[in-house]
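Just below is one structure, and these are the notes that go with it.
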Amino acid sequence: MSQIEREKEALYARNRSIEFDLSSASSAISDTQSKLAYIDGAMGTLPSRLSGVRGRGYAAMGHLEKSIDLLTKKWTDVSPAIKQAFLNSVEPLTPQINRLQTEARGLRTQIDSGNISYSQSLASRLSIDASSIRSRATSEVSKVNAPLNELMPSITAIDRDLKVAEKTLELFAQANFPLKQEESPVLAIEGKIMKDDKNNGTLYFTNQRFIFEGKKEVVLEKKFFIVTKKRTERIVQIDQPIGALQEITKGRVGLIAWTGIYIRFKPERQVEETPFDVKDWEADVIGRFFSYVMGGEADRDIATIKGISTVAAPTLKLVRCSRCSAPYTREVYRGQTSVQCEYCGTQIVVQ
C-alpha cells in the first residue's frame, strides 16, 4: 500500500468516527423527542381510556383513578419546564448537527478525490466539532431525560393495566355465558387447555368465578370428504367458584419450553389439576390477578367503583336450608352464590 493510500485509509477512519459522533448526538436528541411526545400523548389519553373501560362496566383495578390523577398533576406541574428546556437547549443542536453531517459527507468526497492536505485540515476541525456537539447533546438531553425517566415507569404500568382491562372487556363481550348478579369482570386471557382435546379458548376470572370457555370447530357440511362449511362454537369447559381454586402456579406446560400455568383446585371439588398454555407475561398477570381476587381487594375496588356496599365473604356465614333448616357443613367458597342442601337437596342461596 502506498503512502497516499495509507493516508486516505486513516482519513476514512477519522471520517467514520466523526459520522459516528454526529449520528449518536442526533439519535440522542431524536430519542428524547420521541419520549417527550409519547409521554405528552399518553397523558392526554390515559384519563379518557380509563373513562372508557369504566363506562363499559370494568370496575376492577381501583388504583387506576388515583394513579392517573397523581400522574396528571405531576405532568401539569413539570411539563412546561421540560418542554422549554428541550426547545431552548436541545432542539437548536439539530441544525448544527445537520450542517456538520453535510461537511462530513464533503470530507469523504475530498478524500475520494485525493485532496489529502485539505482533507486532513477539515478532518481535524470536524473531529473537534463533532466530539464537542456530541458532548453537548449528551449533557442537555440528560437534563431533559431525568424527569421523563421518573415518569416513564408509572406511565408504562398504567398503560399496561389499561390494555389488560381493554382486552378483558373485549373477550368478555365474546363470551357465551352470562354474568351473575353482583359478578364483575376482572381478567380474561386467551390460552390453550393442555388436556383432552387441547383446544384454544379463553380463561375468564371474575370476582366470583373462574371459567374456561373453549373454542371448537363444528363441521356443518362435507363434499367428497372435504369440509366445505364449518362454524366455531364456544363451550364452557370449566366453571368453578373462584374460592374453589387452591393455587395457580407458573411453569412449563409442554415438551418444549412453553410457559403456562397450572390451576390446582381444592381436593373436595374433585377437579384434576389443569395446565394452560399462555404467554410468559400473561402467566405473571394471571398470578397477580388471582392474588388480587382471593385477597378481597377486587371486591373492595368493585364495590367502591360501583358505589355499593362490600359483601362479606360467604365462608363467614352460617348457612341453613330454607326448607329443612339443616346446616350446610361444607366450605362455602369465595364467589359461590348457592349450595345444595346435603339432606334434602334444596338449592340454598348464600348471597
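Every number in this text was worked out from the coordinates using simple rules, so none of it is lab data. As the structure is a computational prediction, the values presented were derived from the model and not from experiment. Heads up, the Cβs are rebuilt from the backbone with ideal geometry, glycines too, and the neighbour counts pull from every protein chain shown.
General remarks:
- The lone criterion from (1) in contact with a strand residue (DSSP E or B) (Cβ under 6 Å, 6 or more places away or on another chain); (2) of a type in the set (A, V, I, L, M); (3) closer than 30 Å to Ile308 by Cβ left unmet by Met194 is number (3).
- Selection from the stretch 1-31 of residues that are of a type in the set (Val, Ile, Thr) and either more than 19 Å from Gln120 (Cβ to Cβ) or crowded, with 19+ Cβ neighbours inside 10 Å (or both): Ile18, Ile29
- Selection within the stretch 156-176: residues that are part of a helix (DSSP H, G or I) and among the small types (Gly, Ala, Ser). The member of this set that is surrounded by the most Cβ atoms within 10 Å (Cβ to Cβ) is Ala165.
- For the stretch 41-58, filtering for residues that are assigned to a helix (DSSP H, G or I) and either surrounded by 15 or more Cβ atoms within 10 Å (Cβ to Cβ) or in contact with a Leu (Cβ under 6 Å, 6 or more places away or on another chain) (or both) leaves 9.
- Pairing each residue of the stretch 172-195 that is on the phi > 0 side of the Ramachandran plot with any residue that is surrounded by fewer than 14 Cβ atoms within 10 Å (Cβ to Cβ), provided the two are 6+ apart or on different chains, yields C-beta distances under 9 Å for Glu182/Ile308; Glu182/Val311.
- Any hit, the stretch 31-38, residues being touching a helix residue (DSSP H, G or I) at 6+ places or on another chain (Cβ under 7 Å) and basic (Lys, Arg): yes
- The residue pairs whose first member lies in the stretch 35-48 and is in contact (Cβ under 8 Å) with a residue 60 or more places away in the chain and farther than 22 Å from Lys143 by Cβ, whose second member is part of a helix (DSSP H, G or I) and not acidic (Asp, Glu), and whose beta carbons are closer than 8 Å, counting only pairs six or more residues apart or on different chains, are Leu46/Ile68; Leu46/Leu71; Leu46/Thr72; Leu46/Ile155; Leu46/Ile158; Leu46/Leu162.
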